[in-house]
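The values are calculated or read from the model by the stated rules, or taken from the named source; none is laboratory data. Quick caveat, the model's predicted, so the values are computed rather than measured. Counting neighbours? That spans all protein chains shown, and the Cβs are built from the backbone with ideal geometry, glycine included.
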Number of protein chains: 2
Amino acid sequence: MKINGSRLMETIETSAVIGATENGGLHRLTLSKEDEEMRATFTRWLETAELQVTVDDFGNMYGRREGTNPELSPVVIGSHLDTQPYGGKYDGIVGVLAALEVIRTLNDEGVKTERPIVIINFTNEEGARFAPPLLGSGGAIGEFSKTNVYDTKDTEGTRFETALVDSGYQGEEDDRLTDAHAFLELHIEQGPVLEEKQKSIGVVQGIQGLAWFQVHVKGEADHAGTTPMSGRKDALVAASAMVTALSRYGNSIEELVLTVGTLQVHPSAPNIVPSDVTFTIDMRHPDDYMRKGVPMAIHKILSDTSKNYNVDFTMETNYQAETIHFPEKIQNVLAEETDALGYGKELFYSGASHDAKHMSRITDSGMIFVPSVNGKSHHEEEYTSAADIEKGANVLLRATKRLADEEGDA
Amino acid sequence: MKINGSRLMETIETSAVIGATENGGLHRLTLSKEDEEMRATFTRWLETAELQVTVDDFGNMYGRREGTNPELSPVVIGSHLDTQPYGGKYDGIVGVLAALEVIRTLNDEGVKTERPIVIINFTNEEGARFAPPLLGSGGAIGEFSKTNVYDTKDTEGTRFETALVDSGYQGEEDDRLTDAHAFLELHIEQGPVLEEKQKSIGVVQGIQGLAWFQVHVKGEADHAGTTPMSGRKDALVAASAMVTALSRYGNSIEELVLTVGTLQVHPSAPNIVPSDVTFTIDMRHPDDYMRKGVPMAIHKILSDTSKNYNVDFTMETNYQAETIHFPEKIQNVLAEETDALGYGKELFYSGASHDAKHMSRITDSGMIFVPSVNGKSHHEEEYTSAADIEKGANVLLRATKRLADEEGDA
């Protein structure tokens, strides 16, 4: 039994029209007009596939295919249909639409499974409109409180709850998914590993931990024309030395990634020596032990640099997450089904975060990656070949069926 | 004959209440409510000193004291009463109120001068509300067209003309000052030279030239978690290396100052490797020949760095101004009157720009500096001692009287 690759690609291309950008990407922010249109189309697809459609109080959409033993907990598969601003047409989307294709294939083949299968479209995975990311999955499993999620505002000040109600996708708290036998998420890799190794399937071992730091460099504002170079306490020159030193350090440790993604200068006038600079550091390493030591090394780099440049600094931890290790049982199922199909595979940790991270709190979870050309994602140039998507969907089909036929307690 | 130091300081302290900040500074943006109140107070002071008050079409305010030979062109003295946001209470203000004190002293002593004396408050010297700076003096002498000045908008979108009309200080184009025998401006130094040299009077030789460049660094956006350090084209790491290299270069050349005062990062998310960074370079050196060579050196630094970091860049010149050299005649008058008073003096170029720069286009101009404690300005901590202000005002008094008694064509 194999999925219908051309039907899957046709479905993906239909999705790619809703919020299409000039450059072949997608701009489909959470609960936007485009997201509403996608949700309506997705609902029709779910109903045509004879699934029971429900929506929970975070707008997460579920399509349930009953099992021969409805008392058993379901196997859950899916991802998200929202995108980054001017993002690509694969990220998240492939995972939801491949899940739909799995159901269609089982329907075509008249295959029943013991357990129910539920496919999911999570709300606001990207966090691009409403921060933080993974809002829908985090709300469903209780990582975020309902009040906090509802009070989250977009940059124009619109509350999440308002946008949700206006979209028509505010469902019931009782419809949250709280019980599952397993969760599988197919996703594009968003990195270069599979392409470099020339493999089509990534069996994801877990999601690497990360920490976000906020650094504030405090110098002194001075007139750019009247203050000699030697007398300055230039916060931006000091911060720049920190950024380059952090980059060198990141390069020196295998598997460590350090990113300064935001940096603000104050007072920000061409003719005033900057007094204050604030920047973020995103730090990731799959090894929890390593990752715990890195902040001390970062602090040492910042401290040495601030002394050299005669400025002060503070460093705060804004967020941290341990590495999530997916159960070996799920990894083994995915690896065995990949081998059975004769596809090349690679086992590694995800550098990016995914809804599977939250789902792993309530059930055995795992992920299948398919290659991203040039490692690109969150970008209009994001591309994964139809051949690789089809392979990923076949692994998802076989693994889903296998897990859905597992016995167990209700 | 000497000015009344305590009366001058009382006048300055009265000004310091209008737009006072909690921390002892002033927030009195051009044509704001506070500026209007200051202008009304200043008008009363001008009238009490029996001056003929006029306002030109840029809101520049003039107070004329007639000479014994009214046909002769006037000696003009003054500066500006507007401030930076949360600026100090001396910048500009001392120059206007010392000019008023000069008139009051001449009145007290019953001293007549051959030539008229005109004191000026220029509109929007700071450029803090309406960019560019020196708008009033530049408009008056024809550096900026009336249309351009009137169409200038503040950050809230209010046009200069609207703010001017609303303030009640839109005067006549015929009242612009177009003819003068000389212009003198007393100003705080805003830098450390006088304090370091322990001198009270700076005889300003000119205003050093400057150039503003805009640099754009183009890298590639990537996911912070999934893109290894080695594969990145991180625009911020490259820009940071540029900023530190520029700082080193600025430190290596005497009298050169290089400032990166603004820097913007795109797309500016903690977990996205920056694709684009834009920053400004403010470059000043008193020597025009030196200053012409520096941009090539800057370009070389940017080019080498961009190659090292595998990014592209562009560098554009946004603005440049030659060094203004004040006439030796005026420098000599100021130096001789300073010596006659027994004050210590230092001759040097101004690193900051001033209304005297525009006035030098239409008449012999010069400036007197008084010390800024710790070189601070554009800051609530800006401070100049009463003793130094009094000395500066005495030099202004003697030089003004001397120039106003010079003979010449009408």
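Per-structure values
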| item | result |
| --- | --- |
| Residue under evaluation B:E71, criteria (1) in contact with a strand residue (DSSP E or B) (Cβ under 9 Å, 6 or more places away or on another chain); (2) part of a loop (DSSP other than H, G, I, E, B); (3) not hydroxyl-bearing (S, T, Y), criterion not met | (1) |
| Count - residues of the stretch A:208-226 that are within 9 Å of chain B (Cβ to nearest Cβ), closer than 30 Å to A:I188 by Cβ and of a type outside the set (S, T, N, Q) | 2 |
| Unmet requirement for A:M229, which otherwise passes all of (1) more than 7 Å from every other protein chain (Cβ to nearest Cβ); (2) farther than 22 Å from B:S275 by Cα; (3) not β-branched (V, I, T) | (1) |
| Complete set of residues in the stretch B:17-28 that are buried (at least 18 other Cβ atoms within 10 Å of the Cβ) and either of a type in the set (V, I, T) or more than 14 Å from B:P85 (Cβ to Cβ) (or both) | B:I18 |
| Checking A:G202 against (1) at pLDDT 95 or above; (2) out of contact with any Asp or Glu (no Cβ under 8 Å at 6 or more places or on another chain); (3) within 14 Å of chain B (Cβ to nearest Cβ), the condition it does not meet | (2) |
| Index of the failed condition, A:N332 passing every other in (1) in contact (Cβ under 8 Å) with a residue 12 or more places away in the chain; (2) outside the structural domain of A:G231 (by TED's automatic domain parsing) | (1) |
| The stretch B:307-329, residues that are touching a residue at least 12 places away in the same chain (Cβ under 8 Å), under 30 Å from B:A182 (Cα atoms) and not small (G, A, S) | B:Y319, B:Q320, B:E322, B:T323, B:I324, B:H325, B:F326, B:P327, B:K329 |
| Identity of the residue in the stretch B:274-293, within 12 Å of chain A (Cβ to nearest Cβ) and of a type in the set (A, V, I, L, M, F, W, C), that ends up farthest from B:G231 (Cα to Cα) | B:M283 |
| Complete set of residues in the stretch B:232-250 that are assigned to a helix (DSSP H, G or I) and more than 7 Å from chain A (Cβ to nearest Cβ) | B:A235, B:A238, B:A239, B:M242, B:A245, B:L246, B:R248, B:Y249 |
| Matching option when the condition is hydroxyl-bearing (S, T, Y) and in contact with a strand residue (DSSP E or B) (Cβ under 7 Å, 6 or more places away or on another chain), among A:Y86, A:Y62 | A:Y62 |
| Among the candidates B:D304, B:D355, B:D388, residue that is without any contact (Cβ under 8 Å) to a residue 60 or more places away in the chain and not small (G, A, S) | B:D304 |
| Test: residue in the stretch B:7-18 that is at pLDDT 95 or above, assigned to a loop (DSSP other than H, G, I, E, B) and within 18 Å of B:G171 (Cβ to Cβ) | no |
| The stretch B:175-206, residues that are farther than 19 Å from B:V96 by Cβ and not in a helix (DSSP H, G or I) | B:T178, B:D179, B:H181, B:G191, B:P192, B:Q198, B:K199, B:S200, B:V203, B:Q205, B:G206 |
| Only one of A:E47, A:E36 that is touching a Ser or Thr at 6+ places or on another chain (Cβ under 7 Å), surrounded by fewer than 24 Cβ atoms within 10 Å (Cβ to Cβ), assigned by TED's automatic domain parsing to the domain that holds A:K146 and not in a loop (DSSP other than H, G, I, E, B) | A:E36 |
| Condition check for B:D108: in a helix (DSSP H, G or I), assigned by TED's automatic domain parsing to the domain that holds B:T43 and charged (D, E, K, R) | yes |
| Search result, residues across the stretch B:169-199 that are surrounded by 24 or more Cβ atoms within 10 Å (Cβ to Cβ) and within 12 Å of another protein chain (Cβ to nearest Cβ) | B:H187, B:I188, B:E189, B:Q190, B:G191, B:L194 |
| Hits in the stretch B:112-142 - residues which are more than 13 Å from the chain's Cα centre (by Cα) and more than 19 Å from B:L184 (Cα to Cα) | B:R129, B:F130, B:G142 |
| Enumeration of residues in the stretch A:206-243 that are in contact with a helix residue (DSSP H, G or I) (Cβ under 6 Å, 6 or more places away or on another chain) and either surrounded by fewer than 23 Cβ atoms within 10 Å (Cβ to Cβ) or among the aromatic types (F, W, Y) (or both) | A:G209, A:M229 |
| Any hit, the stretch A:194-203, residues being more than 24 Å from A:Y90 (Cβ to Cβ), touching a residue at least 40 places away in the same chain (Cβ under 8 Å) and touching a helix residue (DSSP H, G or I) at 6+ places or on another chain (Cβ under 7 Å) | no |
| Top-ranked residue in the stretch B:256-270 [being at the interface with another protein chain (Cβ under 7 Å from one of its Cβ atoms) and out of contact with any strand residue (DSSP E or B) (no Cβ under 6 Å at 6 or more places or on another chain); ranked as surrounded by the most Cβ atoms within 10 Å (Cβ to Cβ)] | B:A269 |
